[in-house]
Amino acid sequence: MEISPIIFYFFAGLAIACSMLVILKKNPVSSAFSLVMVFFSFAGIYAILDAHLIAALQVFVYAGAVMVLFIFVIMLLNADVPSFDLGRSHLLLRIFSGVSAHNVINGCIIIRKI
């Protein structure tokens, strides 16, 4: 099966952008959520390379279990600092997230039909 370069570049760009956000964010909780997005984009790259077991393990082990431990430690160490408020996100960020999720789902459907 031939890999679509557009979908690969999308996931690679998403991984690079979110990894830059991990470094640049001042709030450690939002950095951890950006790291979760990096893990999901790596899982997408593994999925388009037909390594579905590795993609599933990437999501379950890293994005699931390891990030829960990271968030627990961050919350434990920063007990008196106000936490990250997801309700205050910007409208542009919500639109970008919705469009990105729509593109990922459509890309998976297109790959499945090929």
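The values are calculated or read from the model by the stated rules, or taken from the named source; none is laboratory data. All values reported here derive from a predicted model rather than from experimental measurement. Note that we place each Cβ from the backbone using ideal geometry, even for glycine, and neighbour counts take in every protein chain shown.
Observations on the structure shown:
- Residues that are in contact (Cβ under 8 Å) with a residue 40 or more places away in the chain, farther than 15 Å from residue 100 by Cα and surrounded by 13 or more Cβ atoms within 10 Å (Cβ to Cβ), drawn from region 4-52: 4, 27, 28, 29, 30, 32, 33, 47, 48, 49
- Considering (1) exposed (fewer than 12 other Cβ atoms within 10 Å of the Cβ); (2) among the small types (Gly, Ala, Ser); (3) modelled with pLDDT of 85 or more, the lone condition that residue 87 does not fulfil carries the number (3).
- Some residue of region 56-67 being surrounded by 18 or more Cβ atoms within 10 Å (Cβ to Cβ), touching a helix residue (DSSP H, G or I) at 6+ places or on another chain (Cβ under 9 Å), modelled with pLDDT of 90 or more and part of a helix (DSSP H, G or I): no
- Hey, residue 57 over 11 Å from the mean Cα position of the chain (by Cα) and either of a type outside the set (Asp, Glu) or within 22 Å of residue 103 (Cβ to Cβ) (or both) or not: yes
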